[in-house]
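The values are calculated or read from the model by the stated rules, or taken from the named source; none is laboratory data. Being a predicted model, the structure only gives us computed values, none of them experimental. As a convention, Cβ positions derive from the backbone with ideal geometry for all residues, glycine included, and neighbour counts pool all protein chains shown.
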Amino acid sequence: MTDQNPLLERRQINLIVGGLVVGMFLAALDQMIVATAIRTIGDDLNGLTLQAWVTTAYLVAATISTPLYGKLSDIFGRKPLYVISLSLFITGSLLCGTAQDMYQLAAYRGLQGLGAGGLMALALIIVGDILSPRERTKYQAAFFGVWGIASVLGPVLGGFYASAQNLLGFAGWRWIFLQNVPLGLIALVVILRVLHVPRHPRAVRVDYWGAAALVVAIVPLLIVVEQGRTWGWTSTSVVALSALSAAGIVAFILAERAAGDDALLPLRMLRNRTVGTSTGLNFVMGFAMFGGLAGIPLYLQIAKGMSPTDAGLAMLPFTLGIMVMATGSAPIIRNTGRYKPFPVAGAALIVVAGVVLSTLQADSSLWLMSLGGFLFGLGLGGIMQPVMLAVQNAVEPRDMGAGSASVMFFRQIGGSLGTAVFLSMLFSAAPTDIGNAFAAAAKEPAFQQVVSDPATLANPADAAVIKAIEAGGVTSGSGLSLDDTSFLQQIDPVLAEPFRVGFSDAITGVLLFSSMFSILGLGLALMLPQLPLREKSGLETLRDGEHALEGSGEGTGDDAREPAAVEVHARTARPPGTGATT
């Protein structure tokens, strides 16, 4: 084994990775930063009721484009597709920063999402091309650390920009998007200058029918995920969109079967035991991880009364956990060639973290939350990169793009569904838990004194809460709504306490369910095959395949120029130990 890729100098590799990390960080940050400021944005653009569409447009575009970028980059090359995705992201960011209403912002966020899907997927695919699986581990902390950093920095920056009335001549929230432009341009210049890697074009047809079916399958599903709680899960719109999505899934499977090797997500690839197991693991852990994580910031802001900025800072142990595991696992995988122990340990840690977090109460110390967050981060760091490494190591070089994109695609679908399911559970349980907390508080003398005090009724916010109590529910007949909990800062602390206790109980119930669901992911992690790590990058493997064809005489004459010859050899010229996994 050599420490240096002969196709690229170490300096080139470092520059390429640096540019890719910047791009991935921008895409990850953009998923986290908007949520904190969306209320300010909606108020400024006179469209707060349309805020969900701003989120949905980005999510739908990013999710659908992820597998498209993977497959198209296998056909047309990584660099052109990455340049396109980064350019779309920069353009979308600039337009978002100049949006004049929520409809414009939603459309521009969709354009931004189209770029983000490529930034997230292609970065890992390109690294798979230029580095062998063993060498790739040295960079895993940088790539997956950006997710943890973005999860903390996003709410902090979002709160900062939202609170700034004017910043360099623009409303503060507009810099959420405008900051992406200079950073994106820097990454674009780096990629244009240094990403010069050989292309191996193949004579294939683009799977247009598969792409169209995927759109039909995913768009209605994600709209249901985002809007279902508002519309009602049994409403006509939800049922119709769910049926359309189901039809799209069936059509996608049929289209992929018909497309064969040219499919967007080749079904033969899913028959590979490593890929199939990793697909299930990523879906399950995406569902459990991101669904569970959606509850922690709510706990900090509602049950603990923190500001979005403070809540973001309180998530630092989560980021630390990711960095510790990603950094610690890299040299072990590199030296031993064994990646399977880390997804197994990661899944187990997420189960334990869920149990720890499910014991939180409104008055719990932040140390308990920090411990649970740190364990959660360790678990996430143990799963994300090793599973991606396992898939890239198991697929054929021609499927590097499609295989890598499938990992992120199913994780994102799982995360989207998990977030919707867990938030639905949360807001369904919260009214009952808050009601129980009020019933318990009503027996306390301090609470009785506040309720009967005329000064309390003089405060409109307090009066609204008391009216809700008398009406028999805190979310009916009083104008109070859990969609906007800002009133908790305006009412008497004694009246606010049952809200915090009840909301805490609802959130911790969701976290316990997340922990139990993660056990399924642990089972899948145990089933993940352990294959020897390749000693060569994807590009080296393809290059050696071409040389082998030339040396055997198969690559002479007119046939030497046929892309199909390289493809055929790529199926057979694989290092020992990287063949079929069944």
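Being closer than 23 Å to Val190 by Cα and either assigned to a helix (DSSP H, G or I) or not β-branched (Val, Ile, Thr) (or both) is the requirement here; does Gln112 meet it? For Gln112, the condition - closer than 23 Å to Val190 by Cα and either assigned to a helix (DSSP H, G or I) or not β-branched (Val, Ile, Thr) (or both) - is met. Taking the criterion of being touching a helix residue (DSSP H, G or I) at 6+ places or on another chain (Cβ under 6 Å), closer than 30 Å to Arg205 by Cα and surrounded by fewer than 23 Cβ atoms within 10 Å (Cβ to Cβ), would at least one residue in segment 64-71 satisfy it? Yes - at least one qualifying residue is present in segment 64-71. Could you please find all residues in segment 260-290 being over 15 Å from Ser406 (Cα atoms) and in contact with a Pro (Cβ under 8 Å, 6 or more places away or on another chain)? Scanning segment 260-290 gives a single hit, Gly260. So, in segment 116-138, how many residues would count as being under 22 Å from His196 (Cβ atoms) and in a helix (DSSP H, G or I)? Result for segment 116-138: 15. Scanning segment 150-200 for residues that are out of contact with any Leu (no Cβ under 8 Å at 6 or more places or on another chain) and among the hydrophobic types (A, V, I, L, M, F, W, C) yields Phe160, Ala162, Ala164, Leu167, Leu168, Ala171, Trp173, Leu185, Ile186, Val189, Leu192, Leu195. Quick one: would you say Phe438 is over 31 Å from the mean Cα position of the chain (by Cα) and surrounded by 19 or more Cβ atoms within 10 Å (Cβ to Cβ)? It is true that Phe438 is over 31 Å from the mean Cα position of the chain (by Cα) and surrounded by 19 or more Cβ atoms within 10 Å (Cβ to Cβ).
The combined condition, being surrounded by fewer than 24 Cβ atoms within 10 Å (Cβ to Cβ) and under 30 Å from Val206 (Cβ atoms), is fulfilled by Ala246.
Step by step: first the residues of segment 287-336, then only those that are of a type in the set (Ser, Thr, Tyr), assigned to a helix (DSSP H, G or I) and surrounded by fewer than 21 Cβ atoms within 10 Å (Cβ to Cβ), then the one that is modelled with the highest pLDDT. Which residue is that?
Of everything passing the filter in segment 287-336, Thr336 is modelled with the highest pLDDT.
Do we find that Ala263 is in contact (Cβ under 8 Å) with a residue 40 or more places away in the chain, surrounded by fewer than 17 Cβ atoms within 10 Å (Cβ to Cβ), closer than 30 Å to Val215 by Cα and not acidic (Asp, Glu) in this structure? Criteria not met by Ala263. All conditions but one from (1) at negative phi; (2) of a type outside the set (Phe, Trp, Tyr); (3) assigned by TED's automatic domain parsing to the domain that holds Thr319 apply to Ala251; the one that does not is (3). Annotation for segment 407-425: at least one member residue is assigned to a helix (DSSP H, G or I) and over 20 Å from the mean Cα position of the chain (by Cα).
Restricting attention to segment 383-406, and to residues there that are in a helix (DSSP H, G or I) and of a type in the set (D, E, K, R), which single residue is modelled with the lowest pLDDT?
Of all residues in segment 383-406, those in a helix (DSSP H, G or I) come to 383-394, 397-406.
Of the ones still in play, those that are also of a type in the set (D, E, K, R) are 398-399.
Details: Arg398: 72, Asp399: 75.
Restricting to residues being in a helix (DSSP H, G or I) and of a type in the set (D, E, K, R), the top hit is Arg398.
Test Val152 against the stated conditions and say whether it is modelled with pLDDT under 75 and assigned to a helix (DSSP H, G or I). Spelling it out, Val152 is indeed modelled with pLDDT under 75 and assigned to a helix (DSSP H, G or I). Residues of segment 396-452 that are in contact with a Gly (Cβ under 9 Å, 6 or more places away or on another chain) and either outside the structural domain of Met285 (by TED's automatic domain parsing) or of a type in the set (Ser, Thr, Tyr) (or both): Ser404, Ser406, Ser416, Thr419, Ser424, Thr432. Return yes when Leu349 is under 26 Å from Ile507 (Cα atoms) and without any contact (Cβ under 8 Å) to a residue 40 or more places away in the chain and no when it is not. Yes: the conditions hold for Leu349.
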